[in-house]
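Student: Have a look at the structure that comes next, please.
Each reported figure results from applying straightforward, stated rules to the coordinates on display, with no laboratory input. Keep in mind the model is a prediction, meaning the values are calculated, not measured. Positions of Cβ are generated from backbone atoms using ideal geometry, with glycine treated the same way; all protein chains shown enter the neighbour counts.
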Amino acid sequence: MVCIYVRKAMTGDGKTVISPAWILVEDGKIISIGKNKPAFDGRVIELNGITVIPGLLNMHDHICRKTLRVPDESISFGSRTAQFMSQSHEALILYSAHNMRNYLLEEGITWVRDYGLAGTTSITLDRAIRSGIAIGPELECCAVPICTTGGHCYKQSHEADGVPEVLKAVRHQAEQGAKIIKFMCSGGLEHFPREIPSNPEFTLEELTMGVSAAKDLGLQTAIHAYSHEAVRRGILAGVNSIEHGALISDDQVLLMAEKNISFVPTMSGIRAAFSSGPNQQYWDRLTEEIFSKQENAIRAAHEAGVLIGAGTDSLGYLFDEIRLIGRTLGKSPIQAIAHATSINAKIAGREDLGELAVGKRANIVGFVGDLEESLDFLDGGASFVMKDGIVYKE
């Protein structure tokens with residue numbers, strides 16, 4: 001049992017601040033939290049000048065590729081990605097282990113939804129983290145995404161055409177250990193403008209069967225989708241989450257709210273790919289065709305009651321994603337952080353995560369400064385990290 005004393009705790013629900021705060025932890029869970037010191041004579045961790053929040057959740061990433069966040073301005077993002085991903089899975093899992101250690105210790109991220117692209121390396125890494133062989137966040141992995149022949153990221157995905165193949169692909173991913181199934185339902189931006197993100201890929205019949213097969217196995221589903229038509233098919237098929245969703249229409253967000261379909265825009269990741277190097281020449285075009293329309297879709301979805309999750313994709317930083325969501329929706333720092341804590345936990349279906357509250361997992365991270373006043377204090381990195389009641393950084 002350990003007790004944490006901190007000047008300020010933001011509980012992660014988007015509204016509640018406890019100051020000062022005493023948090024009592026036992027067996028990996030929070031057993032009390034409040035302004036008054038509990039009856040306790042054991043170890044006390046004093047975090048003066050620190051704001052603590054729940055461990056952050058990243059709702060969309062490809063963990064092997066975080067090294068690419070440092071740009072090589074001499075070549076395009078697509079070329080850098082192709083070079084990097086051509087390495088062996090043995091090499092990629094080493095990158096992944098390094099990246100996830102930094103995620104936990106430097107960025108305060110304690111849970112990640114990983115959408116693959118490096119075989120089953122993320123599933124193997126999650127098992128290593130759970131067993132204590134490696135250090136990092138808890139991972140929820142899709143194994144590899146499912147795409148059409150020659151579709152988005154086809155070289156790192158499971159290609160499937162027609163209803164029988166899609167059904168078999170879903171079952172194969174589940175057999176590999178996937179906890180969520182992802183479908184590549186439109187083109188993307190990785191090789192823009194050669195690859196056009198507005199093109200839909202899976203048919204409605206293929207996608208409906210894939211989603212149904214995943215639900216039969218008790219698995220959530222997500223779709224990579226930019227275009228209006230790809231989103232429409234995903235809504236009709238009954239997916240749980242739409243990723244990127246730049247061209248979602250006003251009528252579609254109403255259906256998403258009705259069907260409890262969440263929206264993870266990954267603004268930081270898709271913008272980072274075009275912020276430097278040769279890709280920068282497309283910034284103005286994409287701002288008009290993708291970025292500005294995506295921001296409008298986010299505002300419309302939020303107004304309709306759709307849950308907006310914080311995810312980074314390959315190049316993004318979760319701190320930047322929180323800021324972008326906050327700016328787009330006109331939210332305060334405490335409200336913006338909730339998209340990476342309690343709201344992400346709701347999207348993931350994880351009642352044990354996302355808040356500093358009695359009975360929740362003791363995932364607690366701290367940052368120097370007053371996060372209630374400014375999100376910029378996130379940029380300094382996590383000064384305190386506890387995951388499942390174990391202190392990894394103090």
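Student: Would you mind calculating the gained length between HIS98 and SER275 on full extension (0.36 nm times residue separation, minus the Cα-Cα distance), in nm to one decimal?
Tutor: Stretched fully, the HIS98-SER275 segment lengthens by 61.2 nm.
Student: Going by Cα centres, the range 20-40 and the range 318-394 are how many Å apart?
Tutor: 18 Å
Student: Between ALA222, ALA348, ALA39, which gets the highest mean-square fluctuation from a Gaussian network model of the chain, Cα cutoff 10 Å?
Tutor: Fluctuation is largest for ALA39.
Student: Taking Cα atoms of the chain, Rg/Rh with Kirkwood Rh, to two decimals?
Tutor: Value, to two decimals: 0.97.
Student: So how tilted is helix 163-176 from the main axis of the chain? Cα-based, degrees 0 to 90, rounded to 10.
Tutor: Taking the Cα atoms of the chain, the angle to 163-176 is about 30 degrees.
Student: Would you list the P(r) distribution for the range 230-322, with all Cα-Cα distances sorted into 5 Å bins from 0 and each bin expressed as a whole %?
Tutor: 3, 15, 24, 23, 18, 11, 5, 2, 0
Student: At 222 nm, what value in deg cm²/dmol follows for the chain if DSSP H runs of at least 4 each add -39500 (n - 2.57) and the sum is divided by all its residues, to the nearest 500?
Tutor: It lands at -9500 deg cm²/dmol.
Student: In the range 193-237, which trypsin sites (Lys or Arg not before Pro) fall in coil by DSSP and have 11 or fewer other Cβ atoms within 10 Å?
Tutor: ARG194
Student: Here is the link list: LYS168/LYS215; LYS66/LYS259; LYS15/LYS346. Which ones come out longer than 22 Å on Cα distance?
Tutor: Table pairs above 22 Å Cα-Cα are LYS66/LYS259.
Student: For ASP352 and ARG69, calculate 0.36 nm times their separation in residues minus their Cα-Cα distance, and state this gained length in nm to one decimal.
Tutor: Gain on extension, ASP352 to ARG69, equals 98.8 nm.
Student: For q values of 0.17 Å⁻¹, compute log₁₀ I(q)/I(0) with the Debye formula on a Cα-only model of the range 34-86, without solvent.
Tutor: -0.73
Student: Please find the FRET efficiency linking SER198 to GLU175, where r is the Cβ-Cβ separation and R0 is fixed at 35 Å, and quote it to the nearest 0.05.
Tutor: It comes to 0.55.
Student: Now for a separate question. Nearest-5 percent of antiparallel DSSP beta bridges in the chain?
Tutor: Within the chain, antiparallel bridges account for around 45 percent of the total.
Student: Shape of the range 130-237 from its Cα gyration tensor (a ≥ b ≥ c, root eigenvalues): rounded if a/c is under 1.5, otherwise prolate when a/b > b/c, or oblate?
Tutor: Oblate, since a/c reaches 1.5 and b/c is not below a/b.
Student: Please give the contour-minus-distance gain from ARG130 to GLU26: 0.36 nm per residue of separation, less the Cα-Cα distance, rounded to one decimal in nm.
Tutor: Length difference between fully extended and current span is 35.6 nm.
Student: Summing Lys, Arg as +1 and Asp, Glu as -1, what charge do residues with Cβ under 14 Å from the Cβ of GLY366 carry, GLY366 excluded?
Tutor: -2
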